[in-house]
Amino acid sequence: MNIQVITHNLDSLYENPNVRRLEEDRVKNQRSYELKAPFCSVKATRTNLRSGLEISSYEGFLSKPLSLQFQTMYPHLEISYTMSGCGNWSGDGAAGFEMAPGVSTLAYMSDRRLNAELSPVEPLSHMEIRIDLRRFEALNSELSRRSPGGFFSRQLAGHPQIVKLFEQIRDCSYAGPLRHLYLEGKCYELIATYLDQAEMDASSGRPSSKLSAEDIRCLHFAREVLAHSWRTPPNLLELARSAGLNDYKLKAGFKELFGTTVFGYIRNLRMNEARRLLEGGEATVSQAAFRVGYLNLSHFAAAYRRMFGHNPSECLRGNGKTGE
């Protein structure tokens with residue numbers, strides 16, 4: 001199935017004839033929708049925070065691939081994070097991007113076309129922060145400066161701060177005005193995190209590795225290998241060989257495409273899992289360290305502290321677990 005959408009504002013996506021409106025929760029300022037197609041069951045939930053700013057989440061499954069073509073007629077910013085699901089997308093003249101678990105994307109576009117394809121490989125669980133930049137003049141000017149061609153995108157894989165921010169948005173338990181204040185603040189924090197990362201990349205003066213489409217495909221394969229083997233990952237030469245790259249292209253390309261090194265990505269996955277175990281009360285500090293591959297507890301504690309800014313033992317307060 002191929003769905004074509006021309007968007008003039010944030011509402012345009014949901015005014016498509018293939019989308020059916022369901023219920024509305026006025027307390028949360030939330031509306032839900034359903035994608036009408038015989039081979040899929042996908043529910044979308046929109047939370048409006050203020051004019052030009054909303055959070056959208058998508059849950060469901062596909063039995064066949066779904067192609068989407070967008071023509072965005074206004075300055076639009078989107079920050080997405082995929083918990084489950086696979087696909088790919090590309091903008092006019094831009095390299096392709098992956099939609100995969102643990103991968104987050106910032107995309108700015110103005111009067112540009114975008115093509116996307118969702119795969120039926122696994123259930124879909126995906127979140128987006130959607131912004132009409134005509135309501136945010138300073139941010140629009142900043143992104144326009146970075147992207148004179150009307151398109152700018154940045155992907156981060158397994159970035160702990162990004163993962164935590166989306167989890168906080170998803171799990172927000174506040175109600176009423178406090179809920180909207182909290183969620184809006186988290187949206188701005190996501191934008192700041194991404195733009196700060198982009199500034200660091202620009203100031204580093206790192207040369208582009210000029211990745212080809214085949215290089216990008218191979219790098220996505222390498223990331224997928226690591227996502228499933230981070231407890232006992234292959235070494236760099238083994239990973240490069242399995243992905244069809246030399247070790248230099250793997251290291252330079254991985255950093256360019258995903259915003260972190262191969263070892264940084266493995267560390268991020270380990271730390272994210274450790275935080276999940278500790279915050280959920282599923283393990284003590286020593287148990288969490290062992291389960292994510294650390295044999296030395298002090299090394300684990302130091303890595304956790306560098307990543308999250310506090311000791312792992314602080315996560316144990318209030319969840320019934322005590323001690324190391």
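The values are calculated or read from the model by the stated rules, or taken from the named source; none is laboratory data. Keep in mind it's a predicted model, so treat the numbers as computed, not measured. For neighbour counting, all protein chains shown are included, and Cβ atoms are generated from backbone atoms with ideal geometry for every residue, glycine included. SASA here: full protein model, heavy atoms, side chains in, ligands and nucleic acids out. Shrake-Rupley method; radii C 1.70, N 1.55, O 1.52, S 1.80 Å.
If you place +1 on the Cβ of every Lys and Arg and -1 on the Cβ of every Asp and Glu, how big does the dipole about the Cα centre of the chain come out, in debye to the nearest 20?
Around 340 debye, computed over the chain.
How large is the charge dipole for the range 213-259, taken about the Cα centre, if only the Cβ atoms of Lys, Arg (+1) and Asp, Glu (-1) carry charge, to the nearest 20 debye? Present the calculation step by step, with values, prior to reporting the outcome.
Details: 7 positive and 6 negative charges, 24 e Å.
So the dipole magnitude of the range 213-259 works out to roughly 120 debye.
Just want to confirm a number: the relative contact order over the range 213-259, from Cα pairs under 8 angstrom separated by 6+ residues, in percent. All intermediate terms of the calculation are to be shown ahead of the outcome.
Values: 25 pairs, mean separation 21.1, N = 47.
Over the range 213-259, the number comes to 45 percent.
Students often forget the sequence filter, so: which aspartates and glutamates lie under 14 Å Cα-Cα from residue 164 once same-chain residues fewer than 8 apart are removed?
189, 273, 279
Relative to a virtual label point 7 Å from the Cα of residue 225 in the Cα→beta-carbon direction, which members of the range 83-120 show backbone nitrogen distances below 13 Å?
Correct set: none at all.
Hey, can you find the accessible area per residue of the chain for me, probe 1.4 Å, expressed in square angstrom?
Accessible area per residue, the chain: 48 Å².
Output the antiparallel fraction of DSSP beta bridges having both residues in the chain, as a percent to the nearest 5. Can you show the working numbers first?
Working: 66 of 72 bridges.
Percentage antiparallel, nearest 5: 90.
Give the longest segment of the chain that steers clear of trypsin sites (Lys or Arg not before Pro) in DSSP loops with at most 16 neighbouring Cβ atoms within 10 Å, not counting the sites themselves.
Longest gap between qualifying sites, sites excluded: 37-209.
When we measure straight from the Cα of residue 64, which aspartates and glutamates land under 19 angstrom away, once same-chain ones fewer than 8 places off are left out?
34, 98, 117, 122
Considering only protein heavy atoms and a probe of 1.4 Å, how much of the accessible area of the chain is carbon and sulfur, as a whole percent?
Ligands and nucleic acids excluded, carbon and sulfur give 52 percent.
If contacts are Cα pairs under 8 angstrom and at least 6 residues apart, what is the relative contact order of the chain in percent?
12
Only four residue types carry charge here, +1 at the Cβ of Lys and Arg and -1 at the Cβ of Asp and Glu. Report the dipole size of the range 264-317 about the Cα centre in Debye, rounded to the nearest 20.
Computed about the Cα centre, the dipole is about 160 debye.
For Cα extents along the principal axes in Å, several values are listed as (i) 56, 48, 43; (ii) 92, 53, 36; (iii) 85, 57, 30; flag the one computed from this structure.
So the structure-derived entry is (i).
Per residue of the chain, what 222 nm ellipticity follows from adding -39500 (n - 2.57) for every DSSP H run with n ≥ 4, rounded to the nearest 500?
-12500 deg cm²/dmol
Would you work out which of 17, 131, 3 lies farthest towards the positive end of the dipole of the chain? Charges go on Cβ: Lys and Arg +1, Asp and Glu -1.
131
Multiply the residue gap between residue 144 and residue 36 by 0.36 nm, knock off their C-alpha separation, and tell me the result in nm, one decimal place.
On the way: separation 108, 0.36 × 108 = 38.88 nm, distance 3.54 nm.
Gain in length upon complete extension: 35.3 nm.
Tell me, what is the 1.4 Å probe accessible area of residue 40, in Å² to the nearest 10?
Approximately 20 Å² of residue 40 is accessible to the 1.4 Å probe.
Classify the range 213-259 as rounded, prolate or oblate from the Cα gyration tensor: take a ≥ b ≥ c as the square roots of its eigenvalues, call it rounded if a/c is under 1.5, otherwise prolate when a/b beats b/c and oblate if not.
Prolate, because a/c is 1.5 or more and a/b exceeds b/c.
Starting from the Cα gyration tensor of the range 264-317, take the square roots of the eigenvalues, sort them a ≥ b ≥ c, and report rounded, prolate or oblate (rounded when a/c is under 1.5, otherwise prolate if a/b is larger than b/c, else oblate).
rounded
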